[in-house]
Structure formats: structure tokens, C-alpha cells
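No lab work stands behind these numbers, since they all come straight from the coordinates. The shown structure was predicted, so the numbers you read here are calculated from the model rather than taken from an experiment. Virtual Cβ from ideal backbone geometry, glycine too; neighbours counted across all protein chains shown.
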Amino acid sequence: MIRSRGDAPEIAILGGGIGGLAAAAFLHRAGVPATVYEQAPALSEVGAGLVVAPNAARLLRRLGVLDGLVRDAVRLEVGWEFRRWSDGTVLSAEDLSDRCEQLFGEHTYTAHRAHLLDAIRSAVPAEAIQLGSRCVELALDGSRPRLRFEDGRVVEADIVIGADGIHSVVRGAITEPRPAAFAGIIAFRALVPADRAPEFSQRPAQTLWIGPGHHLVHYPVSAGRFVNLVAFAPAAEQSTESWSATATVEEFLAEFEGWDPRLVDLIRAAGTPGRWGLFDRAPLERWSAFTPSGAVTLLGDAAHPMFPFFAQGAAQSIEDAAVLAQSIADSPHDLAAALRRYEELRIPRTARLQEISHGRAHINHLPDGPEQEERDRAFMEADPLLANGWIYEYDPETAEVATSP
């Protein structure tokens, strides 16, 4: 049995992204202090929008930060609007204007990542965030986990939470260190100023154009001031994962040659697009490891990186944070029990989402033919909002341990 010292465990969170800050915010809400160590000199999330679905929105509301986020977000009226690549025929769409709130108690929004990060940061005490703190070593050979930073500092903690992304240092201490695998898919991304974006792309709708080997997504963000554009294409060679890597408009257009002409106008309005690769990891059976008087665990992309095809990456990090904080608050003097419950509640759900997100690439990218026609018929006959209800209705405060994935 692992027991913490004092009234509350000492907690160190590696990574000041959405998941790491959410963990600090939920722990603070539960009365458990934690310190976030972020290697960058400033907190920032650049270059992309995201979907804030009801399962994330209810947790942001619980933190008291949703109203602030909504001022810089867009409330969607239509979601998962699938369109055929060549002519824009609508195959399926979710009515989010009223029905989403009726079913799940919250609306769905789109937002810039920077605005979501700022909203969550507002729920974390400023003194709990240590910037410019690059961890170069995590040692588990002592009584408690020990962190060594590039500037020479050494920090011990009862719990180290690895919220340090897909290339996590903490993950390598828990399981066999292996590099993430390139998935053979690249993404183009851009934020298009609204005054340059075609009118069809400014609707309060999340639209996905699907076609052979590719798909393209667009929706407004930043209170409608920009249109977020992201598109996926196959690639034989590994691509960088950096947010700062770029492509040319010509490269972007070449990947979508022959698609609906309206998309050409949108791509041309995007300016210099970003370009990055999608990387993959298989689900883990465990997220935690223990020392005689401490523990380390994982959260967010460090634990379960998933393709963005269900728009749940950030939401699952926020869910992780809420469950982990509650588990620690419920068993502050028994870290083994706390982390066991955290894993039992989170691993089956995130593994399922990893699996279906991975499979969505094949579904979205079918070439024209019988399988594509069958997919399109299934889209037209389905109620996508109800079909995805298991994702949106999830509430960590009432969730029960799953008996099967």
C-alpha cells in the first residue's frame, strides 16, 4: 500500500498543455495542491481549433470557466455534417441547435486551442505554474519519484503526472520506451480570416468532406473571426509533428484536385498552411508505476494518443483530469487505490476511442465504389447524435467502472 505524507500528497505535473492544466485545475478544485512544470517559457497553444463537445463542456462549466470560453467560441448549430467530396452532397448531419442540450445538458462549441488553454489556466493559481522547466530525467529508484530539470533543480513528489504529450518522458518510465509510429497520414491546417473565407465555411457548422484517401474539415472559431481548416492526406514518408512546419498552397491544392470547386476557394484563402504528421501508439494496459512511497501516472496524449477523427483528444484529457483529481481526493492517503480506480475508469473508455478514431480513417477515405455506397447509405439512415451518445453523456462524477471495453 502506498501512502502519502502529510494531509495531501505532493503532486508534480509535467506538461502545461490542456491536460496538465486541467489536472491542476481539478485538483485545486478538490483542495489538493499541485505544481505544473512546463518546459516552454510561456503557456501557449498555437495553430488549430477544436470541438468542445458536451462531455468537455460540462466539465469546463464545473470548473467555472465555460462562460469565459464561450465568449471566444462558436456555438454550433450543425455538427458532423458529412459531405461527398466531389459535389458536397450532405450524407449525414447532427442537429445541435437545441437537441444536443436536450439530450446531454450542454451545447457543442468550436474554439481556438489558445482560448481553451486560457480558460483552463484561469482556474489554476499562478504560483502553481513553473515555466521554463524542462525535465531531463525521471528517476524511480528512490523512495519517491525524482525529477531533474535542465537548470539543475531536483524535485521529489508523491505523485508525478505525465501530461507531456505523445513523446512523453513519463510514459517511457512506465512502459518499454518506444518511439511513436508514423501513421502514414499528414494533415494540412490553417486559420482563415473570416473576411477572406467563403461564406459557406462561416456557418456555425462542423463540416467534413470525405473522399478517396482524403478528408477535409472546416468550422468557425474565435467568435467567428476565423475559419479553422484541417485536411488529411496519405503520405509514404514520415512527416514532422511540429506546429511550425509549413507546406505550400500548391501542395495543399494538389492533394484535393478534382474535389468540389468551393473547396479550392477555401484552400486558396488559407495562405501558407501548416503541415504535420499523425503519429500512433497502441493502447496501454496500465498507466501507473510505483516506488516505495510514491507513484507516477499518465494523462491525455501521454497515455492514449488518438487520431483527431472523433474530435475527442482534448476532451479525453479533460475527462482524465477530472477523474484523476477525484480519485486522489477520495483516497489521498492510499495512492495505489486512487490510481487503480483512475485506470479502471479511464482505460476502457479511452482505448475504445483510440480504436474507433483509428478506424475512422478507413471509413472516411474509402474510394468510390460499393463499399463507399454502403457507407453513404448507412450515414443517411443513422441518427449520429444518438449513435455517439455514449461519448457525449459521460460524466466522470457518476461514471462506473466498465466491465468490458
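Using 0.36 nm per residue and subtracting the Cα-Cα separation, the extra length available between ARG99 and ALA337 on full extension is 81.8 nm. Can you tell me the FRET efficiency between ARG61 and ARG286 if r is taken as the Cβ-Cβ distance and R0 is 22 Å, rounded to the nearest 0.05? FRET efficiency, ARG61 to ARG286: 0.10. Nearest 10 degrees is fine. How inclined is helix 313-330 to the longest principal axis of the chain, computing both from alpha carbons? Computed tilt is about 20 degrees. Projecting the Cα positions of LEU63, LEU103, VAL136 onto the charge dipole of the chain (unit charges on Cβ atoms of Lys, Arg, Asp and Glu, taken about the Cα centre) puts VAL136 furthest along the positive direction.
For the chain, what is the charge dipole size about the Cα centre, in debye to the nearest 20, if Lys and Arg each add +1 at the Cβ and Asp and Glu each add -1 at the Cβ?
820 debye
By the Kirkwood approach, averaging reciprocal distances over each pair of separate Cα atoms, the chain gets a hydrodynamic radius of 21.8 Å. Based on the Cβ-Cβ distance of ARG268 and SER293, what FRET efficiency does E = 1/(1 + (r/R0)^6) give at R0 = 56 Å, to the nearest 0.05? So, using R0 = 56 Å, E works out to roughly 0.40.
Using only side-chain charges placed at the Cβ, +1 for Lys and Arg and -1 for Asp and Glu, the dipole size of the range 73-119 relative to its Cα centre rounds to 200 debye. Over the range 27-151, the reciprocal of the mean inverse Cα-Cα separation, the Kirkwood hydrodynamic radius, stands at 17.5 Å. Label sites at ALA40 and GLU397, each approximated as a point 7 angstrom past Cα along Cα to Cβ, lie 3.1 nm apart. The magnitude of the dipole of the range 173-270, with charges of +1 and -1 set on the Cβ of Lys/Arg and Asp/Glu and taken from the Cα centre, is near 360 debye.
For the chain, the longest principal axis of the alpha carbon atoms and the long axis of helix 54-63 meet at an angle near 40°.
Positive end of the dipole of the range 116-267 (Cβ unit charges, origin at the Cα centre): among ALA173, PHE252, THR207, the Cα lying farthest that way belongs to ALA173. Expressed as an acute angle from 0 to 90° and rounded to the nearest 10, what is the orientation of the C-alpha long axis of helix 18-29 relative to the principal long axis of the chain? Once rounded, the angle reads 50 degrees. From its DSSP helices (H runs of at least four residues, each -39,500 (n - 2.57)), the chain gives a residue-normalised ellipticity at 222 nm of -9500 deg cm²/dmol. Going from the residue with the fewest nearby Cβ atoms within 10 Å to the one with the most, SER357, SER122 rank SER122, SER357. For the range 112-269, the percent of C-alpha pairs falling in each 5 Å distance bin, counted from 0 to the bin holding the largest distance, reads 1, 7, 13, 14, 13, 12, 11, 10, 9, 6, 3, 1, 0. Note on the range 26-79: the C-alpha convex hull projects to 5.4 nm² when averaged across all orientations.
What residue among ALA315, ALA42, ALA53 shows peak mean-square fluctuation when the chain is described by a Gaussian network model with Cα springs under 10 Å? Of the options given, ALA42 has the highest mean-square fluctuation.
3J(HN,Hα) along the range 380-390: 5, 8, 8, 9, x, 5, 6, 4, 9, x, 4 Hz, from the Karplus curve 6.51 cos²θ - 1.76 cosθ + 1.60 with θ = phi - 60°, whole Hz, x for Gly and Pro. Going by a ≥ b ≥ c, the root eigenvalues of the Cα gyration tensor, does the range 129-202 fall in the rounded group (a/c under 1.5), the prolate group (a/b larger than b/c) or the oblate group? Judged from the Cα gyration tensor, the range 129-202 comes out prolate (a/c at least 1.5, a/b above b/c).
Label-to-label distance, GLU199 versus ARG75, with points set 7 angstrom from Cα along the beta-carbon direction: 2.4 nm. Taking a ≥ b ≥ c as the square roots of the eigenvalues of the alpha-carbon gyration tensor, the range 216-366 is classed prolate because a/c is 1.5 or more and a/b outweighs b/c.
Rounded to 0.05, the FRET efficiency of the ALA181 and ASP7 pair, given R0 = 51 Å and the Cβ-Cβ distance, is 0.75.
The slack in the chain from ASP151 to ARG134, taken as 0.36 nm per residue of separation less the alpha-carbon distance, amounts to 5.3 nm.
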